[in-house]
Every structure is written in structure tokens, then in C-alpha cells.
């Protein structure tokens with residue numbers, strides 16, 4: 001879609017742009033269509049939300065330099081990542097409990113990723129299964145692993161991921177323990193979840209969300225269901241999650257996964273140079289510089305703050321990607337300017353489907369692409385990786 005020739009833009013896309021012309025518009029529209037407890041789960045961080053706010057403020061400090069008197073060339077957004085071509089230089093980050101935000105959200109994201117040829121990363125705790133995601137996203141399907149403490153379950157998960165044809169395994173290392181999220185606790189989103197009069201009242205105010213949730217059923221951790229067949233109630237399910245998804249990923253565990261996994265191994269949650277070097281020594285293929293979107297450590301530095309040093313230290317030896325705080329195509333450009341070789345984002349995609357249902361997944365991609373392309377035209381930059389030459393001010 002060419003944002004500079006609106007007369008050629010399909011009518012449905014024009015209608016979506018009038019309603020939601022940017023990611024903040026999606027967020028504002030979403031807040032009226034989903035219950036408050038779901039919205040607070042989506043946009044919140046941990047503790048006092050300091051890390052969430054730091055992600056935003058740090059990104060806002062990154063300035064770019066336009067070179068107006070150099071040749072202006074049409075931006076080329078296609079990229080190659082681990083030997084696979086993609087049409088855009090960004091992807092959909094792993095998102096947990098997506099069905100709480102909008103029923104079948106991850107399935108919508110997987111389909112949109114396939115249609116636009118970008119990576120889609122399925123979380124271990126998403127609400128569609130490995131097999132569903134692989135069928136929808138095909139070659140664009142990546143899997144994010146929280147290693148279960150039960151090695152037999154972990155091995156079976158990896159076998160299923162391989163059988164589904166997935167070539168990219170993303171191991172998240174920054175969740176050694178559950179994050180402290182007071183809003184979720186107050187809203188009954190602890191494990192197990194609590195249904196309260198307040199949550200019922202909030203759901204009644206969002207009729208489409210409520211009807212779709214009734215039709216689809218309460219969100220479940222779909223990929224984990226085969227290992228939870230004999231559990232009788234919510235408390236049993238809660239105990240399973242507590243005891244089976246709490247394996248801290250240290251160097252020894254990551255080494256075992258490297259020896260076991262024959263495809264591309266990516267480590268997510270790296271946020272300083274020492275861990276980046278440790279990952280390199282283990283032999284991973286890539287890292288995602290991330291502070292988990294501000295959801296785990298409220299005292300964490302923003303990803304955009306730590307990225308330049310990490311990219312300088314290991315960027316010529318493995319693929320350095322990044323996420324956390326991305327809310328626009330401008331933010332994607334900022335990450336590239338600070339040394340990222342690829343960028344992921346999560347929350348905007350959930351805002352998209354919450355705001356517009358399935359069309360919102362593709363609309364989110366379109367908005368990010370248009371904003372990134374416009375910025376690159378503005379600063380006279382042809383490829384995202386060349387944005388490092390336009391960095392005016394790093395954090």
C-alpha cells in the first residue's frame with residue numbers, strides 16, 4: 001500500500017485509517033472494546049511501571065539526522081534474516097495469554113504475518129497451539145520457549161515444534177520468576193484467575209468481546225493442554241504452571257538446548273554486554289535485546305539504552321535484534337539507528353485486533369510499514385540498516 005497515493009488504497013483500508021491512523025489510535029479504540037482488566041494486563045508492566053515508562057522516554061530521546069542534499073531513493077524494506085527473506089524489517093513478538101485480549105488474537109496475527117511475510121513468534125503460553133500457529137504462519141512461524149522443569153515435557157514440546165517445521169527457537173531468559181504486577185493481582189488475573197463482580201461488570205460493558213469469548217471459551221494455554229489432561233480444576237492448572245514453567249535459563253540450560261536444537265537458536269531477554277558475550281560463547285545464532293517490555297524488572301534499563309554497546313560488542317558475530325517499547329515506525333527506525341539488525345514489537349498487534357478484530361492485525365503491519373517508509377524517505381535513507389548513519393543522538 002502506497003501512503004502517498006490514497007486514491008489507489010482499497011476502501012476497507014481507507015476506512016480503517018480514518019478510524020485508526022496510528023498505533024495510539026488503536027490503543028484508544030481498544031480501551032472501549034475490551035474489559036479494563038484485559039487492558040491493564042496488556043499495557044501494564046511490573047511493580048510501579050517504571051520500566052515501561054523508561055522504555056518510552058528513552059526512545060523519545062533518540063534523534064535522527066536527515067541528509068536532504070543527498071540523493072533520495074525509494075526505501076527498500078525487504079530483508080534477509082538467518083538466510084530467509086522477509087518483506088519487512090520487523091516481526092510480531094511472542095505474546096502470552098493473547099485470547100484474554102481478543103479471542104483468537106494469535107491466530108489472526110499468524111495469518112497476517114504469513115500474508116505480509118514477516119516473522120510471527122508464538123509464545124509457550126499463548127492461547128493457540130504450536131500446530132495451529134504453524135498451519136497459519138507456515139514458514140513465518142517461530143516458537144518462543146519457556147523451558148519446562150519436566151525434561152520429558154520440554155523434549156516433547158521441542159519434538160512438536162520440529163514436526164511443525166519450525167526452524168527458529170527463541171529461548172526467553174529474563175523470566176527466572178514471575179513479575180510483580182499489582183494491577184493484575186487486584187483484577188483477579190493471578191494464577192488461578194478469580195472471577196469477581198468487578199470483572200463481570202467490566203465484561204458486560206464490552207458486549208462484542210463478551211460474545212466472542214463465550215463462543216471461543218475462556219483462554220487456555222493451548223500448547224500445554226496435552227500435558228494437562230488429567231487436571232480437574234483451575235487450581236490444578238495453576239499448580240501445573242507454577243511448578244512446570246519455572247525453570248530459570250542459565251548458561252548450563254542454554255548449552256543443553258544448543259546441543260539439542262538443530263535449527264536457529266535465538267536468546268531473548270539479553271540486556272547487557274556480559275550476557276550477550278556469554279550467549280555468543282554458547283554458540284547461539286542470535287539475540288533479542290529486551291527488557292520484556294518492562295514487565296519483569298522495574299529497575300531495568302531500556303532496551304534502546306543497552307542496544308548500542310551490545311551491538312558493538314557482538315553484532316559482527318551474531319544477529320542482534322531488539323524489542324520493548326516499540327509504538328511506531330519511528331521507534332523501529334530508532335532501534336535500527338542504534339544498531340539493531342531486526343526489530344520485534346508486541347503490544348501494538350494486540351491493540352490492533354482489540355480495536356478492529358482480524359483486520360486490525362494487518363492494519364497494524366500497514367501502519368508500521370507506512371510510518372517507517374515515510375521516515376526513511378524523510379531522512380534520505382534507503383535501507384533500515386543504514387539508519388545507523390543517521391543517528392544524531394543516542395540515549
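Numerical summary
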quantity	calculated
Failed item, numbered, when residue 195 is tested on (1) in contact with a helix residue (DSSP H, G or I) (Cβ under 7 Å, 6 or more places away or on another chain); (2) assigned to a loop (DSSP other than H, G, I, E, B); (3) modelled with pLDDT under 80	(1)
Residue match in region 53-66 (condition: more than 24 Å from residue 364 (Cα to Cα) and buried (at least 17 other Cβ atoms within 10 Å of the Cβ))	no
Check on residue 389, in a helix (DSSP H, G or I) and at pLDDT 95 or above	yes
Hits in region 262-296 (condition: assigned to a loop (DSSP other than H, G, I, E, B), surrounded by fewer than 19 Cβ atoms within 10 Å (Cβ to Cβ) and in contact with a helix residue (DSSP H, G or I) (Cβ under 7 Å, 6 or more places away or on another chain))	272, 283
Filter result (more than 18 Å from residue 57 (Cα to Cα) and surrounded by fewer than 21 Cβ atoms within 10 Å (Cβ to Cβ)) within region 315-345	315, 316, 317, 318, 319, 341
Enumeration of residues in region 109-123 that are within 16 Å of residue 171 (Cα to Cα) and surrounded by fewer than 22 Cβ atoms within 10 Å (Cβ to Cβ)	none
Residue among 16, 69, 73 that is exposed (fewer than 13 other Cβ atoms within 10 Å of the Cβ) and modelled with pLDDT under 95	73
Residues (over 16 Å from residue 223 (Cα atoms) and buried (at least 23 other Cβ atoms within 10 Å of the Cβ)) located in region 124-148	140
Residue within region 333-340 that is out of contact with any helix residue (DSSP H, G or I) (no Cβ under 7 Å at 6 or more places or on another chain), more than 27 Å from residue 20 (Cα to Cα) and assigned to a loop (DSSP other than H, G, I, E, B) present	no
Residue within region 309-318 that is assigned to a loop (DSSP other than H, G, I, E, B), in contact with a strand residue (DSSP E or B) (Cβ under 7 Å, 6 or more places away or on another chain) and farther than 28 Å from residue 372 by Cα present	no
Filter result for the condition that a residue is outside any loop (DSSP other than H, G, I, E, B) and either at pLDDT below 95 or within 23 Å of residue 82 (Cβ to Cβ) (or both), over 242, 246	242
Residue count, region 57-88 (criterion: over 17 Å from residue 384 (Cα atoms) and in contact with a strand residue (DSSP E or B) (Cβ under 8 Å, 6 or more places away or on another chain))	1
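The values are calculated or read from the model by the stated rules, or taken from the named source; none is laboratory data. Computed from a predicted model, the values in this text were never measured in an experiment. Positions of Cβ are backbone-derived with ideal geometry, glycine not excepted, and every protein chain shown enters the neighbour counts.
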